[in-house]
Amino acid sequence: MCILSRKFYSRPALAVARDLLGCRLVRLQNGHRLAGLIVETEAYQGEEDLGCHASAGKTPRTTVMYGPPGHAYVYFTYGMHWLLNAVTDTEGVPAAVLLRAVLPLEGQETMAANRPYLARQPGWTDGPAKLTQALGIDGAFNTADLCSRENTLWIERGDIFPDEVVQQTPRVGLTSVPEPWRSIPWRFCVDGSSDG
DNA sequence: CGGCCGATTATCT
DNA sequence: GATAATCGGCCGG
């Protein structure tokens with residue numbers, strides 16, 4: 001196993017989003033090791049990107065995105081969901097990659113306990129809020145350093161998916177974001193990935 | 001301080 | 001496909 005380094009994250013979000021496919025999201029919870037294969041990501045890059053939360057400028061919520069790469073940006077939405085991002089690019093440039101789907105690899109019993117509702121059903125970790133639930137990730141992880149072994153959340157290098165099985169599409173859910181940001185193909189997903 | 005809206009999900013038709 | 005659930009962030013007054 002090899003924890004992704006600060007250098008890995010020190011690139012534009014688009015490059016990091018592509019390269020995170022095939023990596024393993026790992027969480028240590030009560031001595032249990034939970035891991036998921038990353039199969040879907042989205043890039044959010046800079047204040048100019050009107051789909052990015054940082055397009056509103058530096059606020060208490062978005063400050064972490066302006067900080068050094070390799071930290072977690074975890075935010076709350078729709079009154080009930082936590083979404084996990086990895087901060088990328090250089091300090092001062094707000095950029096992040098949203099983790100949108102994983103395939104369960106390790107610790108599925110604990111993941112099922114974290115997410116009893118529809119646990120082990122097809123697609124039970126294939127959404128940005130589903131995976132945070134399964135891995136027990138919430139706002140307490142906001143700003144956490146993903147490059148430190150002292151923490152209980154990180155990403156490990158995995159097998160790289162070839163371009164032939166990687167699809168690039170517009171980002172999901174940006175209903176009121178103006179063009180071209182709404183349609184720019186900054187979502188990456190692995191063809192045919194499913195636990196069904 | 002009020003109001004709108006959201007990087008979603010599960011359920012119902 | 002449509003929609004309720006549910007609340008913090010952000011903006012305007």
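Checking each residue in the range A:140-195 for being of a type in the set (Ser, Thr, Tyr) and in contact with a helix residue (DSSP H, G or I) (Cβ under 6 Å, 6 or more places away or on another chain) picks out only A:Thr143.
Look through A:Leu25, A:Leu20, A:Leu105, A:Leu98 and report the one residue that is over 15 Å from A:Leu146 (Cα atoms) and hydrophobic (A, V, I, L, M, F, W, C). Lay out the reasoning, then the answer.
Numbers: A:Leu25 fails: over 15 Å from A:Leu146 (Cα atoms); A:Leu20 fails: over 15 Å from A:Leu146 (Cα atoms); A:Leu98 fails: over 15 Å from A:Leu146 (Cα atoms).
From the options A:Leu25, A:Leu20, A:Leu105, A:Leu98, the qualifying one is A:Leu105.
In the range A:110-120, is there at least one residue being hydroxyl-bearing (Ser, Thr, Tyr) and more than 25 Å from A:Pro68 (Cβ to Cβ)? Full working, then the answer.
Applying the first criterion (hydroxyl-bearing (Ser, Thr, Tyr)) to the range A:110-120 yields A:110, A:117.
Then drop every residue that is not more than 25 Å from A:Pro68 (Cβ to Cβ), which leaves A:110, A:117.
Looking for residues that are hydroxyl-bearing (Ser, Thr, Tyr) and more than 25 Å from A:Pro68 (Cβ to Cβ), one finds at least one in the range A:110-120, hence yes.
So is A:Ile38 at pLDDT 95 or above, away from DNA strand C (no atom under 16 Å from the Cβ), among the β-branched types (Val, Ile, Thr) and in contact with an Asp or Glu (Cβ under 9 Å, 6 or more places away or on another chain) or not? No; evaluated as a whole, the condition is false for this residue. Restricting attention to the range A:90-122, the residues being among the polar types (S, T, N, Q) and either surrounded by fewer than 17 Cβ atoms within 10 Å (Cβ to Cβ) or within 15 Å of DNA strand B (Cβ to nearest atom) (or both) number 3. Among helices (runs of 4 or more DSSP H) entirely within the range A:1-89, having at least 1 residues that are under 15 Å from the mean Cα position of the chain (by Cα), within 13 Å of DNA strand B (Cβ to nearest atom) and in contact (Cβ under 8 Å) with a residue 12 or more places away in the chain singles out A:13-20, A:63-66.
Yes or no: the range A:138-156 includes at least one residue that is in a strand (DSSP E or B), of a type in the set (A, V, I, L, M) and in contact with an Asp or Glu (Cβ under 6 Å, 6 or more places away or on another chain). Scanning the range A:138-156, I find no residue that is in a strand (DSSP E or B), of a type in the set (A, V, I, L, M) and in contact with an Asp or Glu (Cβ under 6 Å, 6 or more places away or on another chain), so the answer is no.
Does the range A:95-114 contain at least one residue that is in a loop (DSSP other than H, G, I, E, B), at negative phi and more than 14 Å from the chain's Cα centre (by Cα)? Talk me through it step by step, then tell me what you get.
First pass over the range A:95-114, keeping only residues in a loop (DSSP other than H, G, I, E, B): A:107.
Remaining after also requiring at negative phi: none.
No, there is no match, as no residue in the range A:95-114 is in a loop (DSSP other than H, G, I, E, B), at negative phi and more than 14 Å from the chain's Cα centre (by Cα).
A:Gly192 meets the conditions (1) over 22 Å from A:Lys7 (Cβ atoms); (2) not in a loop (DSSP other than H, G, I, E, B) in every case but one. The failed one is (2).
Would you point out the residue of the range A:147-196, among those that are acidic (Asp, Glu) and touching a residue at least 40 places away in the same chain (Cβ under 8 Å), that is farthest from DNA strand B (Cβ to nearest atom)?
At the first step, the residues of the range A:147-196 found to be acidic (Asp, Glu) are A:150, A:156, A:159, A:163-164, A:179, A:191, A:195.
Still in the running and touching a residue at least 40 places away in the same chain (Cβ under 8 Å): A:156, A:159, A:195.
Working: A:Glu156: 21, A:Asp159: 24, A:Asp195: 13 Å.
It comes out as A:Asp159.
The values are calculated or read from the model by the stated rules, or taken from the named source; none is laboratory data. None of the values given here were measured: they were computed from a predicted structure. Note that each Cβ is placed from the backbone with ideal geometry, even for glycine, and that neighbours are counted across all protein chains shown.
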